[in-house]
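Each value in this text was obtained by applying a stated rule to the coordinates, not by laboratory testing. Computed from a predicted model, the values in this text were never measured in an experiment. Every residue, glycine as well, gets a Cβ built from its backbone with ideal geometry; the counts of neighbours run over all protein chains shown.
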Amino acid sequence: MSGTEHWRLSRRLARQVWPYWRYLLGVLLLSLVSRPLALLTPLPLKIAVDNLIDGHPLSRTLVWLLPAAIRQSPAALLLFVVGLVLAVAVLSQLCDFASTLLATCAGEKLLRSFRAQLFRHVQRLSLAYHDTRGTADSTYRIQYDAVALQNLTVDGIVPFLTSAFSLGLMIYVTARINRALAAVAVAVAPAIFLAARTYRPRLRRQAREVKKLESSALGIVQEVLGAARVVKAFCQEDREERRFVVQSNEGMRARIRLVLMQGGFGLAVALITAVGMAAVLGIGVGDIQAGTLTKGDLLYVMGLLSQLYAPLKTIGKKMASMQSNLAGAERAFALLDEAPDVVEKLDARPLVRARGTMAFHHVDFQYDPERPVLRDISFEIPPGTCVGIAGTTGAGKTTLVNLLTRFYDPTAGEIRLDSVDLRDYRLGDLRHQFSIVLQEPVLFSTTIAENIAYARPNARQGEIVGAAQAANAHQFISRLPRGYQTLVGERGMRLSGGERQRVAIARAFLKDAPLLILDEPTSSVDVKTEAAIVEAMERLMRGRTTFIIAHRLGTLKHCDLVLKLEAGRMVGFKPGATRPPVNSRCLPVRSQTCQTQPPESTDSNHAPPRA
C-alpha cells in the first residue's frame, strides 16, 4: 500500500470513528490514569527491601508524603506497604473495568453503525454486481471484515496511544533513578520498530489472502445450503463436503502462514527486549558492586523495565496485528466504493400513480460487451394492455421485464412510462408502480400476514384479509393452526407451491400497483390449484397494464398483444389470434378462455384493495 492510499484509508477510518470520540476519549483517559498506578506496582517491593530489610532511610518523597507515626514504626510501615499493594490492585482493576466497559460500548456502537452502512449500500447496488460477485462475498465483508474497524479503533489505536504515553513515562522515571540504565533500556526501541516495518507488508498481503479464501469457503456453504434439496436428491453430500474441506484447507494453511509470520515477529521482539533486559541487569549489578545503586533501586528499575518493554511489545505487536485489520478495512471500504449501475438523477421527477402507457425505443442491453442480450427492441402499448412475452430459454424475456423496473438500465435506447424516460423518475416511485408475481414466489421467514403486507407494512388486518380473499388464499390460511400468524419458514418452504403463489398474489393485490409482471405464474402447479390462481389473477390484472412471460407462444394466444423474442431480437409483435377488446384479460394456462368483460365477484371482499 502506497503512502497516499494509507493516508486515504486513515482518513476514512477517522470519519467513521469520529461520532464516538467521547467514548474513545474516556477509554484513553482511563488508560492513561492506569499508567501512574502501574508505576506504583513495584514500589512496595522497593520499600520492603531497602527500608524494612536493609534499613536504608526513606526517600525524600516518602518522608514528605508519610506521617511521622508510619515513618518511625517498622510495623506501621509494613502495614502501609501491604495496604499499598491492595490499594494499587483494586484501583487498577476498577480502571480496567471502566475502560473495558467504555471500550465495549464504543466498539459495539461503531460496529453496528458500520455494518448497517454496508448493508444499506449492498441493498442499493445493482443486480449486476450481485450476479457477478455472489452474495457470500458481501456477507463476509459485512459480518467479518467490518469487525476490523472496531479492532483498529478500540483494540488498536487506543492501546497504541496509551502504550506510547506509558513508554515516555517509564523512560522518564527510569532516567530519574539511573540515566545510564534508561539509555540502555531505550536503545532497543529502534530495533523493534525496524522489525515491525520489515514484517508489516508481508503480514498485510497474507491477511488479504486469508480473507479471500475464507470468503470463498463461506460461498460454498451458502451455495450448498441454498440448494440443499438438489444436493440431497443427487446424494452429493460427501462431494460437497470434500469441496468445502479442500477450500477450508487452503484457508487453514493461509491462516497458519499468517500466524507463523506473527510468531516470527513476536520472537524477534522478545529477543530484542531480552537483550535490553540482560544489558540493564549486567550494568545494574556492576553499579551495586560499585556502591552507586542499591538493591532496591535495581529491583525497582527491573520492575519498571518489564513495564517499559510491555508498551514497546504492545506497539510492535499492534503494528503487526493491525495489518490483518487494515486488510479487512480495505475490503469493507472497497464494498462501499462499489458504485451502483442504476442511479437516480438529482432532479428526478416524482411519480404518484402511473397511467400505464409503456414504450421501448431501440433498446439494447448487454451484461458485457461480448454478450448482447437484447438488440433493437421497439414497441408501444396503451394503458390496460395485456402483453404476452414469448420465447425460448435465454431469448431475453426476463431481462426485458427487469428493464421495466430498472433492475438494469438499457445500454442503448430508452424506455418510457407515460411518455417519460424511466431514468427521469425517482427510483423508489418507479418501482412502486409495479407488482411482480414470479414463477417461484419469494417469501420471507416470517408470518403470512407480514409477507402479504411486505409492500405496505402498516396495512390493517382487514386489508390483509381482503387481499388474501381476492387472491383465493383466505380459505387455506384460515385452516392453519395460527392463521395469518403462521410462520412460513425459510423461503416459505412450510407452504406448498400453490399456497406460496397465492400469498404472492395477495401481496400484489395489497400493493395495488398500476402495472403488473407475471413470470410463468402457473407453470409449476397442478390443474386444480391453477384454476384458483387463474381466477385470482384475472381479478388482479383488471385495470392494469400487464406483462406475462411464457416459453410457448401458444399459451399467450388470447393476450391483447404478443411479443416474440429470439436471441435477443423481437421477431414478432402482433395481436392475439383472436383480437379481443383492450379491456379483456388473458393468462398463460393450459386451458382458458378470454373474457371481454370478466364477471365481478359477488363477494365484496374480493374487490382489489386500493392504496
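Remark: relative contact order (region 435-512) = 51 percent; criterion is Cα-Cα distance under 8 angstrom and separation of 6 or more residues.
Relative contact order, whole percent, for region 3-337 stands at 30, derived from Cα pairs under 8 Å and 6 or more residues apart. Lys/Arg Cβ at +1, Asp/Glu Cβ at -1, dipole of region 1-85 taken about the Cα centre: which of Pro57, Gly26, Ala76 is farthest positive-ward? Most positive-ward Cα: Gly26.
Legend: calculated FRET efficiency, Ala76 to Phe193, from the Cβ-Cβ distance at R0 = 51 Å, rounded to 0.05, equals 0.65.
With a Förster radius of 35 Å applied to the C-beta separation of Ser248 and Leu40, the computed FRET efficiency comes to 0.10. Note on region 3-337: Kirkwood radius taken over Cα pairs, Stokes-Einstein applied at 4 °C and 1.567 mPa s, translational D equal to 55 µm² s⁻¹. Listing Glu237, Glu530, Glu223 from fewest to most neighbouring C-beta atoms within 10 Å gives Glu237, Glu223, Glu530. Basic side chains Lys and Arg get +1 at the Cβ, acidic Asp and Glu get -1 at the Cβ, and with that the dipole of region 3-337 about its Cα centre reaches some 860 debye.
Give me the Kirkwood hydrodynamic radius of region 155-273, using the inverse of the mean 1/r over all pairs of distinct Cα atoms, in Å to one decimal. So the Kirkwood estimate lands at 18.3 Å. With unit charges on the beta carbons (Lys and Arg positive, Asp and Glu negative) and the dipole taken about the Cα centre of the chain, which residue among Val488, Pro201, Val173 sits farthest to the positive side? About the Cα centre, the residue reaching furthest to the positive side is Val173.
Averaged over residues, the count of other Cβ atoms within 10 Å places the peptides 562-569, 325-332, 175-182, 481-488 in the sequence 325-332, 562-569, 175-182, 481-488, highest first.
Farthest towards the positive end of the charge dipole of region 435-512, among the residues Leu510, Ser445, Phe476, is the Cα of Phe476, using unit charges on the Cβ of Lys, Arg, Asp and Glu.
Its Cα centre serving as origin, the chain has a Cβ charge dipole (Lys and Arg +1, Asp and Glu -1) of approximately 620 debye. Compute the helix-to-body angle for 237-290: its Cα long axis versus the longest principal axis of the chain, expressed 0 to 90° and rounded to tens. With both axes taken from Cα atoms, the answer is about 20 degrees. Taking one quarter of the surface of the convex hull spanned by the alpha-carbon atoms of region 383-512 gives a direction-averaged projected area of 9.5 nm². When both region 497-518 and region 124-150 are represented by their alpha-carbon centers, they are found 30 Å apart. With the convex hull drawn over the C-alpha atoms of the chain, the volume per residue is 224 Å³. Across region 435-512, how large is the tail of the calculated P(r) beyond 15 Å, expressed as a percent of all Cα pairs? Of all Cα-Cα distances in region 435-512, 45 percent exceed 15 Å. When only Cα pairs below 8 angstrom with a gap of at least 6 residues are kept, the chain shows a relative contact order of 13 percent.
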